[in-house]
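The values are calculated or read from the model by the stated rules, or taken from the named source; none is laboratory data. Computed from a predicted structure; not experimentally measured. Reconstructed Cβ throughout: ideal geometry from the backbone, glycine too, with neighbour counts over all protein chains shown.
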Amino acid sequence: MRLNHNTSAAWLRFLLRGQPTCRPALQVRGVSAVQPGTSAPDEAAARDPHAPPLFSRSRTGLFFQAQPQLKNPFLEDPLLGRYLRRHLPHQAVFSDLQAFGERISDEVDAWGRECEVNPPRLVPFDPWGRRVDHIVTSPAWQRMKELSASEGLVAIGYERSCGEWSRVHQMSKLFLYSPSSGLFTCPLAMTDGAAKVIQSLGVPPAVDSAYRRLTSRDPERFWTSGQWMTERRGGSDVAAGTETLAEPQPDGSYRLHGFKWFTSATDADMTLTLGRVVGRDGSIPPGSRGLSLFYAEVRRDPQGRLEGIEVQRLKDKLGTRQMPTAELLLDGLPAHRLAEEGRGVASIANMLTVTRIHNSVAAAAAMRRVVQLARDYATRRSAFGRRLQDHPLHLQTLARMEVEARAAFLLVMEVSRLLGREETGVASPLDRHLLRLLTPVLKLYSAKQAVAVVSEGLESFGGQGYMEDTGLPGLLRDAQVLSIWEGTTNVLSLDVLRCVARSSGLVLQAYFTQTQALLGHASRLPPLAPAVGALEGALSALGVFVEEAAARPPSYLELAARDLAYSLARIYMGALLVDHASWEGASPSDTYAALRWCEQDLCPVGARERGGHYDASTPTCDAALVYDKMD
Ligand code: MFK
């Protein structure tokens with residue numbers, strides 16, 4: 001390529017820009033380029049000329065990089081503040097979040113770190129050879145349980161002191177807590193899910209006391225729950241994967257026999273799990289309709305001993321190491337059936353909704369945390385003669401991360417709002433359809449965003465982002481699980497198709513109606529016009545796809561499922577950003593975020609359809625590509 005004079009002059013100017021021509025680097029006995037903006041220049045300038053040289057055997061140099069500081073995560077999040085000011089302007093909620101944010105930066109974050117460096121371990125035998133299967137957790141993990149109770153991290157959702165906005169209050173609090181929680185948000189998600197299932201079954205007498213414990217603010221009474229769904233045959237295909245058998249007992253209870261392959265937060269006090277009730281004639285009901293829902297207490301005496309459970313081993317995981325995840329042999333575990341026989345999967349549907357929202361809170365919170373730390377670090381770290389915050393390219397990268405974090409946050413709050421409306425009996429049919437559709441969409445999309453944003457965030461700390469003892473790599477390892485548990489991206493994409501089909505398209509109708517409503521006010525505001533235009537275009541492309549899809553074979557829709565879910569996510573997130581920016585209390589940065597978000601391909605399913613990605617020939621071509629052979 002030949003450069004013309006103007007172009008090469010421009011490149012030359014770029015290359016020379018920022019070179020410290022009029023600001024010579026300090027030269028201290030062989031140590032050059034001490035960066036301004038750090039403590040080193042002043043110290044170096046004040047050095048005694050007779051002092052021993054830097055980096056001699058007794059000295060390690062004067063420069064130490066200032067580390068990123070975690071400040072009160074509530075006060076550091078203007079979007080959360082504005083969102084609450086708009087929708088939930090209760091002083092009590094602000095005070096609660098501010099005080100909790102203070103606690104997180106002052107003490108809780110350090111406990112979370114302790115959970116990471118002092119992970120749980122299994123003690124299978126006592127000194128005299130008796131099997132005890134004791135899961136030893138750190139004192140910090142136990143403090144997290146007390147904190148969760150006293151801060152009402154589950155209770156808020158059930159006390160409902162903010163009415164239909166109570167879930168927004170609860171999820172805001174979890175959003176602040178999650179990255180500092182040492183993964184205690186995992187047992188909280190399952191605890192919340194279990195409470196929700198029990199509540200939706202009318203709180204059967206057998207679990208009344210358990211329900212009150214799960215939703216208690218008293219650390220002495222508070223219980224956590226497990227959610228044992230995964231067996232060796234599989235995690236996604238629960239119907240085919242569940243081999244656990246439930247033997248009816250004369251008193252109406254059951255004994256469970258099976259092998260649970262992935263039981264997270266195994267130190268929980270109780271669990272909900274699935275099994276197949278053995279008939280009088282020894283028959284075992286097959287398939288999804290053969291699954292029933294059971295409640296079991298994990299620790300049945302004050303010493304916390306297990307009955308009918310053997311812990312095979314603790315899992316060796318990429319992340320979430322703070323939390324015990326075990327393989328369990330159920331060998332006659334006493335249990336109660338909670339719902340009608342064969343209604344197991346349908347009965348836990350509420351749990352899936354709640355835990356998937358928690359998963360998304362964790363995803364949005366991980367993004368928010370890494371952006372907060374990265375932007376703080378950019379004020380402390382200098383390179384090439386300037387602070388990182390003064391490098392436009394670095395700032396652009398942080399701004400792109402910020403846009404992703406904002407979009408995810410707004411969708412998390414939207415789905416939490418819908419859940420709150422449903423639970424307080426004020427949800428319209430449109431709200432209920434939206435909740436069903438947006439829950440898997442939110443979960444699958446925010447999890448992917450979290451991995452990408454946290455990975456990008458680590459890069460902004462340079463090599464330090466890769467160092468375990470900074471605590472930063474753990475953010476990435478923990479984010480990676482978010483797209484896997486509680487339904488993988490593809491399983492959730494298929495769930496989107498399923499709820500469209502089961503509602504005869506009503507969930508999509510609700511989606512189009514609500515998205516247009518969100519754009520309504522903004523369409524009159526000129527600064528938002530490009531974003532509104534892009535969203536209207538994307539919505540219309542989506543409409544065309546949906547209309548034509550009705551005549552397509554299931555195989556076509558299955559191939560389109562992931563792109564469809566991504567399109568639903570991007571368009572709805574865009575509409576929420578635009579709606580938020582159109583509120584009179586919004587800031588210019590809210591408008592900027594909406595405009596930036598809407599510059600991407602908002603409807604990938606349209607473009608991919610035009611590219612023939614869902615045609616009948618695609619699986620063959622995909623297989624040929626994936627299994628390409630050496631010539
Ligand atoms: C920080 C956050 C931490 C979060 C905690 C993480 C802890 C980790 C623990 C785990 O990972 S536990 C394992 C999680 N496993 C999954 O999420 C399983 C993924 N698989 C699915 O989601 C499958 O789609 C599912 C098992 C639900 C489907 O099974 P089936 O047997 O194909 O169910 P089917 O026949 O489609 O539906 C059965 C009933 O459930 C139907 O109701 P009806 O019988 O009344 O018609 C469905 O409508 C209903 N249903 C299914 N999925 C639903 C649902 N209802 C509402 N929402 C849903 N998502």
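Checking each residue in the range 222-236 for being basic (Lys, Arg) and free of Cβ contacts under 8 Å to residues at least 12 places away in the same chain picks out only ARG233.
Residue count for the range 154-179 under the criterion of being within 22 Å of GLY471 (Cβ to Cβ) and surrounded by 24 or more Cβ atoms within 10 Å (Cβ to Cβ): the result is 6. Restricting attention to the range 223-239 and to residues that are assigned to a strand (DSSP E or B) and more than 6 Å from the ligand (Cβ to nearest atom), the residue that is nearest to GLU146 (Cα to Cα) turns out to be SER225.
This table checks each residue for (1) modelled with pLDDT under 95; (2) surrounded by fewer than 16 Cβ atoms within 10 Å (Cβ to Cβ); (3) within 11 Å of the ligand (Cβ to nearest atom); (4) not in a helix (DSSP H, G or I).
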{"position": "GLY182", "(1), (2), (3), (4)": "no, no, no, yes"}
{"position": "PRO187", "(1), (2), (3), (4)": "no, no, yes, no"}
{"position": "ARG217", "(1), (2), (3), (4)": "no, no, no, yes"}
{"position": "ALA246", "(1), (2), (3), (4)": "no, no, no, yes"}
{"position": "LYS260", "(1), (2), (3), (4)": "no, no, yes, yes"}
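For the range 325-346, filtered to residues that are assigned to a loop (DSSP other than H, G, I, E, B) and among the aliphatic types (A, V, I, L, M), the residue that is nearest to the ligand (Cβ to nearest atom) is ALA339. Considering only residues that are in contact with a Gly (Cβ under 6 Å, 6 or more places away or on another chain) and β-branched (Val, Ile, Thr), which ones fall in the range 346-403? Correct list: VAL354, THR355, VAL370. How about the range 586-596: which of its residues are within 14 Å of GLU536 (Cα to Cα) and surrounded by fewer than 24 Cβ atoms within 10 Å (Cβ to Cβ)? Hit for the range 586-596 is LEU595, nothing else. Being among the small types (Gly, Ala, Ser) and either within 16 Å of the ligand (Cβ to nearest atom) or at pLDDT below 95 (or both) is the filter here; which residues of the range 203-215 pass it? The answer is ALA206, and nothing else.
With respect to ARG276, is the statement that it is closer than 23 Å to SER150 by Cβ, of a type outside the set (Asp, Glu) and buried (at least 16 other Cβ atoms within 10 Å of the Cβ) true? Walk me through how you get there before you give the answer.
Details: closer than 23 Å to SER150 by Cβ: no; of a type outside the set (Asp, Glu): yes; buried (at least 16 other Cβ atoms within 10 Å of the Cβ): yes.
In short, no.
Contact map, the range 488-499: residues that are under 16 Å from SER567 (Cβ atoms) paired with residues that are near the ligand (Cβ under 7 Å from one of its atoms), Cβ distance under 8 Å, separation 6+ or inter-chain. Pairs shown: LEU492/PRO440; SER493/PRO440; ASP495/PRO440; ASP495/GLY487; VAL496/PRO440; CYS499/ARG436; CYS499/PRO440.
Flag not set for VAL481, criterion: in contact (Cβ under 8 Å) with a residue 40 or more places away in the chain, under 17 Å from MET351 (Cα atoms) and within 16 Å of the ligand (Cβ to nearest atom).
Kindly evaluate VAL441 against the criterion of being among the hydrophobic types (A, V, I, L, M, F, W, C), more than 11 Å from the ligand (Cβ to nearest atom), part of a helix (DSSP H, G or I) and buried (at least 18 other Cβ atoms within 10 Å of the Cβ). Considered against the rule, which asks whether it is among the hydrophobic types (A, V, I, L, M, F, W, C), more than 11 Å from the ligand (Cβ to nearest atom), part of a helix (DSSP H, G or I) and buried (at least 18 other Cβ atoms within 10 Å of the Cβ), VAL441 comes out as yes.
Taking the condition of being free of Cβ contacts under 8 Å to residues at least 60 places away in the same chain and within 15 Å of the ligand (Cβ to nearest atom), how many residues in the range 311-322 meet it?
Just the residues of the range 311-322 that are free of Cβ contacts under 8 Å to residues at least 60 places away in the same chain, to begin with: 312, 315-316.
Retained after the next criterion (residues that are within 15 Å of the ligand (Cβ to nearest atom)): 315.
Number of matching residues: 1.
Note on the range 290-310: residues that are within 16 Å of the ligand (Cβ to nearest atom) and either farther than 14 Å from LEU272 by Cα or outside the structural domain of VAL207 (by TED's automatic domain parsing) (or both) total 1.
Number of residues in the range 187-209 that are within 25 Å of GLN322 (Cβ to Cβ) and either among the acidic types (Asp, Glu) or touching a strand residue (DSSP E or B) at 6+ places or on another chain (Cβ under 8 Å) (or both): the value is 7.
Of all the residues that make up the range 205-220, how many are touching a residue at least 60 places away in the same chain (Cβ under 8 Å) and either out of contact with any His (no Cβ under 8 Å at 6 or more places or on another chain) or aromatic (Phe, Trp, Tyr) (or both)?
Here is the first cut: in the range 205-220, the residues touching a residue at least 60 places away in the same chain (Cβ under 8 Å) are 206-207, 210, 214-219.
Next cut, either out of contact with any His (no Cβ under 8 Å at 6 or more places or on another chain) or aromatic (Phe, Trp, Tyr) (or both) only: 210, 214-219.
The qualifying residues number 7.
Checked against (1) in contact (Cβ under 8 Å) with a residue 60 or more places away in the chain; (2) under 20 Å from SER504 (Cβ atoms), SER428 passes all but condition (1). Only a single item in (1) farther than 23 Å from ARG321 by Cα; (2) within 13 Å of the ligand (Cβ to nearest atom); (3) not assigned by TED's automatic domain parsing to the domain that holds HIS358 is not met by MET171, and it is number (3).
Results for (1) among the polar types (S, T, N, Q); (2) without any contact (Cβ under 8 Å) to a residue 24 or more places away in the chain; (3) crowded, with 18+ Cβ neighbours inside 10 Å, shown as yes or no for each residue.
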site	(1), (2), (3)
ALA335	no, no, yes
SER347	yes, no, yes
ARG386	no, no, no
ALA405	no, no, yes
LEU411	no, no, yes
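Hey, among the residues in the range 269-289 that are assigned to a loop (DSSP other than H, G, I, E, B) and among the charged types (D, E, K, R), which one's nearest to the ligand (Cβ to nearest atom)? Step by step, filter the range 269-289, then rank; the result is ASP269.
Only a single criterion out of (1) among the hydrophobic types (A, V, I, L, M, F, W, C); (2) surrounded by 15 or more Cβ atoms within 10 Å (Cβ to Cβ); (3) at pLDDT below 95 is not satisfied by PHE545, namely (3). Condition (residue is without any contact (Cβ under 8 Å) to a residue 40 or more places away in the chain and of a type outside the set (Lys, Arg)) applied to the range 323-332: is it met by at least one residue? Within the range 323-332, none of the residues are without any contact (Cβ under 8 Å) to a residue 40 or more places away in the chain and of a type outside the set (Lys, Arg).
Just name the residue that is farthest from GLY425 (Cα to Cα) out of those in the range 193-204 that are outside any helix (DSSP H, G or I) and in contact (Cβ under 8 Å) with a residue 60 or more places away in the chain. Among residues in the range 193-204 that are outside any helix (DSSP H, G or I) and in contact (Cβ under 8 Å) with a residue 60 or more places away in the chain, the one farthest from GLY425 (Cα to Cα) is PRO204.
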